[in-house]
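Data block below; observations after.
No value in this document is a laboratory result; all are computed from the given coordinates. Note that the coordinates shown come from a computational prediction; the quantities given were computed from them, not determined experimentally. Quick reminder, even Gly has a Cβ in these numbers, built from the backbone with ideal geometry, and neighbours come from all protein chains shown.
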Amino acid sequence: MQPPRPPTDPSPARGFWHRWIVTTLAVLVADWMCEGIQIQGAVGLLVAPLLLGVLNAVVRPVLLLISLPLLLLTLGLFLWVINAALLLATSSLLGDAFRVEGFGAAMWGSLIISVVSILANTLAGAGSSRVVFQGFRRGGARPPQEPPGNGPVIDV
């Protein structure tokens, strides 16, 4: 009997590095575009995205559960407030290395970080979401759909 082989798939580590690089890029763009966000030195640039990712993984699900009625009432727009609160929490935990000057700056920063992250992940081909544009004639049969693939489909 042979001992089990260690996993050779580096995808979990590669996924971590990809998310960290994308978040770092997004935080850097938010620093550049939003006056109320300031990164000081390498610690702020390297640790802030990591801490933001940890807060998104640990605290965000709890906040989503607690605010579920408000999320439904606002059709998901309250996610923007949750993201801004997590950005402010990151700022308060890192002190001068990463500063967010108030809730307004956190709102703009979270919007910028979200948009840049979506664009970077789309350009890198990460994730399994896709957007499909299909036309159909009024009164005619809808074109045949593709079989279920690797993720959600937004049919416009």
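One table, with the values for the structure above:
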quantity	calculated
Cβ-Cβ FRET estimate between L70 and N121, R0 fixed at 22 Å, reported to 0.05	0.25
Burial ordering of W108, W32, fewest other beta-carbon atoms within 10 Å first	W32, W108
Tensor-based shape of the range 63-127 (alpha-carbon gyration tensor, a/c under 1.5 rounded, otherwise prolate or oblate)	oblate
About the Cα centre, charge dipole magnitude for the range 1-110 (Lys/Arg +1, Asp/Glu -1 at Cβ), debye	400
HN-Hα J in Hz across the range 28-45 - Karplus 6.51, -1.76, 1.60, θ = phi - 60°, x for Gly and Pro	5, 5, 5, 4, 6, 8, 10, 5, x, 10, 9, 9, 10, x, 5, 4, x, 5
